[in-house]
Amino acid sequence: MTRSSWHIRTSAVVLAWMTAAATAAAMHRQLPAATWLMVHLLLLGAVTTALLVWSWHFSVAVLHAPQAPTRRGEAIRITTANIGALGVISGVMANAPAVTILGAAAVAAAVAAHVVALAIRLRHALPGRFAFTVRAYIGAGLLLVPGIALGVVMARGSWDASTYSRLLLGHVTVNLLGWVVLPILGTLVTLWPTMLHTRLAPDAEQKARRALPLLIGGTLVTTTGALTGLDLLAAAGVAGYLIGIGLTVAPMVTEMRQRPPSAFASWSALAGVAWLSGTLVAFGIALVGGSADALSGFAGQLVAAALIGGVLQVLLGSLSYLVPVMVGGGPAAMRRRNARVNRAMAPRLVMLNTALAVCVLPSPSAVRVLASTLVLVAVGWTILLIADSLRRSPGDTSRTTADSPAPKPPAHHSGGGVVALAVVLLAIVGGVAYDPAAVGAGTVSAAPASAGVTATGEATEVTVTIEGMRFTPDRIQVPAGNTLTVTVMNGGDDVHDLVLETGQRTPRLSPGQAATIEVGVIGRPLAGWCSVAGHRQMGMVLSIEAIGGTEAATAASGQTPAGHTSNGAAAGSEPVAVDGIDLMAEPGPGTAIRDPRLPPAAAARIHRVRLVVTEVEAEVAPGVRQTRWTFGGTAPGPVLRGKVGDTFIITLVNDGSIGHSIDFHAGALAPDEPMRTIAPGETLAYRFTATRAGIWMYHCSTMPMSMHIANGMFGAVIIDPPDLAPVDREFVLVQSESYLGPQGGTADADSIDAGQHNLVAFNGYPMQYDHAPLQATVGDRVRIWVLAAGPNVGSSFHVVGGQFDTVYREGAYELTPGTGGSQVLGLFPAQGGFVELVLPEAGTYPFVSHVMSDAEKGAHGLLHVSRAD
């Protein structure tokens, strides 16, 4: 096989892995472990393959060693690594531990063989200036082995949340700093000036030699600190690593001054190094200022910055340079291929880096979604152009090397970059328009605060602190005529804001953020509140009083403060006319009936689940649409099932516009960390081991909890009792009630507070199983799991015409076959269980909550029993 054919094939493999990673990122809402999948497709697949290929190529080049007569050994190592990577990924996704371990062993064996081959080359080579590059490759390969071992330990063990977090941080640190960034820096020492077509800086070799022990030592110290929980030790390792990066990058700056970057390859590599350095600085600051546990609050941003901004951009830049050179052909052919990879260079670079910055920095959820889409567009665009450069044109026959004359620099068209920047800005504007409250917009101004009072020229400044669900102080007295300035500081753990009846407001404030409202001259009393759904009803109200102002006149006029109705709902937010709802009508177009059938528990003992919090407008009854807060896009969220002893690893991603959290009743653990509220854009890891059987509720535990549950944030976890007998049919019904707000709005917080619900449903939609009955056959043993999710109403589950011979409630059998019968399964809110029955005759059996007013509000369905053939 010729050299060009070899590099075409291996580059195609790398691009295939990168395409798969980009696809996983694009499908993050549909895939249960999309982030994990994207990271491993990129690092274990694309990066590992690229490192095996190009570290061997550069080692042969810098050692001036003859190329082996065949590539058999290299091909075996790369093939083994790719098969192993596929094994790890498929094993984890399919919950097949044996496949995962075999895959990890294959990757480790391939890398170990690669390290041995490099060491043999280095030992037999003549002394060379750039042997440190090969030593960097060897060090990286050795560091991957403990990284793989930590991954296997995490996958196989049942660890508490704190231990698992330390193992994860150690696994990420040693793999990213050791296996990925170390060889990247070692390669750029010689590749960077080659990209620029300039001379190597005189001190590049010396500084690279000094940097190597700092980079390896920094990796080991940071990993040790991460595993032991010694955050300052980890921070010291990061500092040493950054010094090593500085030594490596300093000559690159000198070379850049000699000849500035002019092609996509060099600009992309430069941006990648900048992102990697910035991420490490942020990581180190977080370790010094807090703890490794606090990193989970912005772990998603750090991962995106390091992997997409850093690793992926360096890889794209390197391939954009190396592929056109190594494919073969003469100078003219290389110029044509360079022209292909440099097409639309400015818009791709600007779009990727500015959109990624928007994703990483604090921004509303809708803005991040649009910006992440632009990042994927830029990455996919670049992958396609690199793939196009693999294509040979007629006449590409003569041989070209990396020492060929510099290609003609691409023409710079700043207009493309400006257009890309405009597209990113439009995405920001579009996201803000979708959720204006997130940035403090969207409220119509009402009557001014002055009420005609004469200004005194004096100023009053007040700082209001948010603590829990209270403003402190919650009463502000201002001399009439004074100008008032209010600074709001969010000292809580959730997103809040302050809205005044004048229409003035702060943006949504994440924990630790502050904002100021210039209220103006005060001449009358003003009301203020937090506009996040349910927070006002929890007591987040504030009053401003004008001392000696027009309080009496306002009170005497009987005016209701602008922007409010007498019951505290926003003006124009009239509740849905419940009397006009026809629950017997067919569900509207596009409304999917929730499948009540329950599949058996998987054989795997570790369950990895990604739950993305999303805000979804959906039909909740015929003709009634509400904006629900959901786990995974549905209310209730997905049903999870396992056995006693199984471990559940949950990744919660908040793609909503306010803070949310999650509480799994199926796990027994301290709630402080795993159940904390996370802000929009943040990610939380929740790990528990199921030790007791039953059907357990999970729900958002952010205050006001009743509002979050009523608005859709609940679901069920079923843990099978030991030796649970098989049945012919098995269903699950999660009962909940609705407190309808305005059309398209959220649940009505006042109705929740008053306990006045409008609808009751099984699996999220009232009477849906009247239109799509459950199916069984005469003589079938039918098991029905029921959870009363509330938030305020329980259930008295009954099958009309049926009798239960088995009743299991709250982890214990209350009735077994042959010991009697039961007519209802009575459940308080958050309780659950199952019943079993055998229906002897064909027919249609209604099932209801025997709280009959609730059955009439929608807790009703049909079980159709047909004759056996």
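The values are calculated or read from the model by the stated rules, or taken from the named source; none is laboratory data. As the structure is a computational prediction, the values presented were derived from the model and not from experiment. Glycine gets a Cβ as well: all are built from the backbone with ideal geometry, and neighbour counts include every protein chain shown. Note: areas computed on protein heavy atoms with side chains; ligands, DNA, RNA excluded. Shrake-Rupley method; radii C 1.70, N 1.55, O 1.52, S 1.80 Å.
Number of residues in segment 765-813 that are closer than 30 Å to CYS700 by Cα and open to solvent by less than 10 Å² (accessible area, probe 1.4 Å) equals 16. In this structure, THR248 does not satisfy being among the polar types (S, T, N, Q), out of contact with any strand residue (DSSP E or B) (no Cβ under 8 Å at 6 or more places or on another chain), under 26 Å from ALA149 (Cβ atoms) and in a helix (DSSP H, G or I).
Summed over segment 792-812, the residues that are part of a strand (DSSP E or B), touching a residue at least 40 places away in the same chain (Cβ under 8 Å) and not small (Gly, Ala, Ser) give a count of 4. ALA668 - would you say it is closer than 27 Å to LEU168 by Cβ, hydrophobic (A, V, I, L, M, F, W, C), buried (at least 24 other Cβ atoms within 10 Å of the Cβ) and without any contact (Cβ under 8 Å) to a residue 60 or more places away in the chain? The answer is no for ALA668. Quick one: TRP267 ticks every box in (1) open to solvent by 50 Å² or more (accessible area, probe 1.4 Å); (2) without any contact (Cβ under 8 Å) to a residue 40 or more places away in the chain; (3) within 19 Å of VAL181 (Cα to Cα) bar one, so which box is it? For TRP267, the exception is condition (2). Quick check: anything in segment 748-760 buried (at least 24 other Cβ atoms within 10 Å of the Cβ), over 22 Å from PHE804 (Cβ atoms) and hydroxyl-bearing (Ser, Thr, Tyr)? The answer is no, given that none of the residues of segment 748-760 is buried (at least 24 other Cβ atoms within 10 Å of the Cβ), over 22 Å from PHE804 (Cβ atoms) and hydroxyl-bearing (Ser, Thr, Tyr).
Looking only at segment 163-183, decide whether some residue is over 26 Å from LEU315 (Cβ atoms), in contact (Cβ under 8 Å) with a residue 12 or more places away in the chain and either polar (S, T, N, Q) or touching a strand residue (DSSP E or B) at 6+ places or on another chain (Cβ under 9 Å) (or both). Within segment 163-183 (the criterion being over 26 Å from LEU315 (Cβ atoms), in contact (Cβ under 8 Å) with a residue 12 or more places away in the chain and either polar (S, T, N, Q) or touching a strand residue (DSSP E or B) at 6+ places or on another chain (Cβ under 9 Å) (or both)), the answer is yes, since at least one residue qualifies. Look through VAL341, VAL379, VAL367 and report the one residue that is among the aliphatic types (A, V, I, L, M), closer than 22 Å to GLU615 by Cβ and buried (at least 22 other Cβ atoms within 10 Å of the Cβ). Unique residue meeting the criteria: VAL367. Annotation: ARG209 fulfils all but one of (1) open to solvent by less than 50 Å² (accessible area, probe 1.4 Å); (2) under 17 Å from VAL134 (Cβ atoms); (3) in contact (Cβ under 8 Å) with a residue 60 or more places away in the chain; (4) not acidic (Asp, Glu); the unmet one is (1). Selection of first residues in segment 688-709 that are in a loop (DSSP other than H, G, I, E, B) and of second residues that are among the charged types (D, E, K, R) and open to solvent by 40 Å² or more (accessible area, probe 1.4 Å), restricted to Cβ pairs under 8 Å at least 6 apart or on distinct chains, gives the following pairs, ordered by first then second residue: ALA690/LYS643. Within segment 584-624, the residues that satisfy the criterion of being open to solvent by 20 Å² or more (accessible area, probe 1.4 Å) and of a type in the set (Val, Ile, Thr) are THR591, ILE593, ILE606, VAL609, VAL616. Within segment 849-869, being among the hydroxyl-bearing types (Ser, Thr, Tyr) and in contact with a helix residue (DSSP H, G or I) (Cβ under 6 Å, 6 or more places away or on another chain) holds for one residue alone: SER849. Evaluate segment 511-525: report whether one residue or more is at pLDDT 85 or above, among the hydroxyl-bearing types (Ser, Thr, Tyr) and either open to solvent by less than 20 Å² (accessible area, probe 1.4 Å) or touching a His at 6+ places or on another chain (Cβ under 9 Å) (or both). Within segment 511-525 (the criterion being at pLDDT 85 or above, among the hydroxyl-bearing types (Ser, Thr, Tyr) and either open to solvent by less than 20 Å² (accessible area, probe 1.4 Å) or touching a His at 6+ places or on another chain (Cβ under 9 Å) (or both)), the answer is no, since none of the residues qualifies.
Checked against the criterion of being open to solvent by 10 Å² or more (accessible area, probe 1.4 Å), closer than 18 Å to PRO364 by Cα, under 24 Å from the mean Cα position of the chain (by Cα) and at pLDDT 90 or above, the candidates THR689, THR677, THR627 yield just one match: THR627.
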